[in-house]
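Engineer: Please find one structure pasted underneath; my questions will follow.
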Amino acid sequence: MASFDFPRRLVAEALGTAFLVATVVGSGIMAETLTRDTALALLGNTLPTGAILVVLITILGPISGAHFNPAVTLVFVLRGDLGRGEGAAYVAAQVAGGIAGTVVAHLMFDLAPLALSTKVRTGAAQWFAEGVAAFGLVATILGGLRFASSAIPWLVGLYITAAYWFTASTSFANPAVAIARSLTNTFSGIRPADLPGFIGAECLGAVAGLVLMGWLLAERPAAAETNRTNP
């Protein structure tokens, strides 16, 4: 990231989030158009989302780190890898990019640019699912950074593909994407009134993932390791 100036990093974050949301919303509209089978429609929404994450993280990760997600940005601010001001700018770019992605998806399918969602997604189980989804996403990213950084695009894409199906909430795991999805009254939408619960759960899950993985991945001090192996 050091070789790219801050404006380019912000554009990468906005562009990546826009393409991510356009894929989520657009594939949802396409799936709903092609089938009335909810399970098949969800599959049609899942596979493009996982695939685009692999592409976007691969090509934009070297520029900005490919967060595309305020919860992930929060984690990197707390780790000290990103300043607070930089983190705030990242989040603004992500939210703006996500909204643009919804507009693009709508225009491609000849819909009004924005439409408030009426799809209810609320309740303790949904919030807990979002916390689990964000926790797992952060764990995947931090574990990938520690052991297989070149595999992170695939790790994140595959994790989100799986989490669509094992979480009750279909794994938004991303406040910027949740905000953008509140502006589409289509298959992937969420009521604006349901956003606070989702966003709060996503941030808490992300921080919990940071805390646990920070402990789990910590290396033993060399002296302690020597004492353990040579009593």
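Engineer: Could you check how much of the accessible area of the chain is carbon and sulfur, as a whole percent, using a 1.4 Å probe? Write down the numbers at each step before the final one.
Structural biologist: Numbers: 7590 of 10850 Å².
Within the chain, the accessible surface is 70 percent carbon and sulfur.
Engineer: In sequence order, what are the phi-derived ³J(HN,Hα) couplings for the range 61-74 according to the Karplus relation 6.51 cos²θ - 1.76 cosθ + 1.60 with θ = phi - 60°, rounded to whole Hz, with x for glycine and proline?
Structural biologist: Working through the residues one at a time gives x, x, 8, 10, x, 6, 6, 6, 6, x, 5, 5, 4, 4 Hz.
Engineer: What are the ³J(HN,Hα) couplings of the range 196-212, residue after residue, when phi is run through the Karplus curve with 6.51, -1.76, 1.60 and θ = phi - 60°? Round to Hz, x for glycine and proline.
Structural biologist: Whole-Hz 3J(HN,Hα) from phi for the range 196-212: x, x, 5, 5, x, 5, 5, 5, 5, x, 5, 5, 4, x, 4, 4, 5.
Engineer: Net charge near Leu82: determine it from the other residues with C-beta under 14 Å of the C-beta of Leu82, scoring Lys and Arg +1 and Asp and Glu -1.
Structural biologist: That works out to 0.
Engineer: Same structure, new question: Going by alpha carbons, how many degrees (0 to 90, nearest 10) lie between the helix axis of 84-108 and the longest principal axis of the chain?
Structural biologist: 30
Engineer: Normalising by the residue count of the chain, find the relative contact order in percent from Cα pairs under 8 Å and 6+ residues apart. Let's see the in-between values first.
Structural biologist: Values: 371 pairs, mean separation 63.3, N = 231.
Computed over the chain, the figure is 27 percent.
Engineer: Where does the charge balance sit around His67 when Lys and Arg score +1, Asp and Glu -1, over other residues with C-beta under 14 Å from its C-beta?
Structural biologist: -2
Engineer: Rolling a 1.4 angstrom probe over the protein heavy atoms, how many square angstrom per residue are accessible across the range 114-179?
Structural biologist: Working: 2860 Å² over 66 residues.
On a per-residue basis, the range 114-179 sits at 43 Å².
Engineer: Can you check what the net charge comes to around Arg191, using other residues whose Cβ is under 15 Å from the Cβ of Arg191 (Lys, Arg +1; Asp, Glu -1)?
Structural biologist: On the way: positive: Lys119, Arg121, Arg181; negative: Glu130, Asp194.
Net local charge, Arg191 excluded: +1.
Engineer: Once phi is turned into θ = phi - 60°, what whole-Hz ³J(HN,Hα) does the Karplus curve with 6.51, -1.76 and 1.60 give for every residue of the range 166-174, x standing for Gly and Pro?
Structural biologist: Along the range 166-174, the couplings run 9, 9, 5, 8, 6, 6, 5, 6, 7 Hz.
Engineer: With +1 on each Lys and Arg Cβ and -1 on each Asp and Glu Cβ, and nothing else charged, work out how big the dipole of the range 100-231 is about its Cα centre, in Debye to the nearest 20.
Structural biologist: 100
Engineer: Further question on the same structure: Using per-residue counts of other Cβ atoms within 10 Å, averaged over each peptide, order 79-89, 176-186, 158-168 from highest down.
Structural biologist: Going by the mean number of other Cβ atoms within 10 Å, highest first, we get 176-186, 158-168, 79-89.
Engineer: Once you have the alpha carbon radius of gyration of the chain, what is it after dividing by 2.2 N^0.38 Å, with N set to its residue count?
Structural biologist: 1.05
Engineer: What value, in deg cm²/dmol to 500, does the helix sum -39500 (n - 2.57) over DSSP H runs of n ≥ 4 give at 222 nm once divided by the residues of the chain? Walk me through the numbers on the way to the answer.
Structural biologist: Working: 9 runs with 166 residues, N = 231.
That calculation yields -24500 deg cm²/dmol at 222 nm.
Engineer: Continuing with the same structure: Find which of Ile160, Thr186, Ala112 sits farthest along the positive direction of the dipole of the chain, computed with +1 on the beta-carbon of Lys and Arg, -1 on that of Asp and Glu, about the Cα centre.
Structural biologist: The listed residue farthest towards the positive side: Ile160.
Engineer: In addition: If I model a spin label at Ala168 and Glu219 as a point 7 Å from the Cα along the Cα→Cβ vector, what separation in nanometres do I get?
Structural biologist: 4.2
The values are calculated or read from the model by the stated rules, or taken from the named source; none is laboratory data. As the structure is a computational prediction, the values presented were derived from the model and not from experiment. As a convention, Cβ positions derive from the backbone with ideal geometry for all residues, glycine included, and neighbour counts pool all protein chains shown. Ligands, DNA and RNA are excluded from the accessible area calculation, which covers all protein heavy atoms including side chains. Shrake-Rupley method; radii C 1.70, N 1.55, O 1.52, S 1.80 Å.
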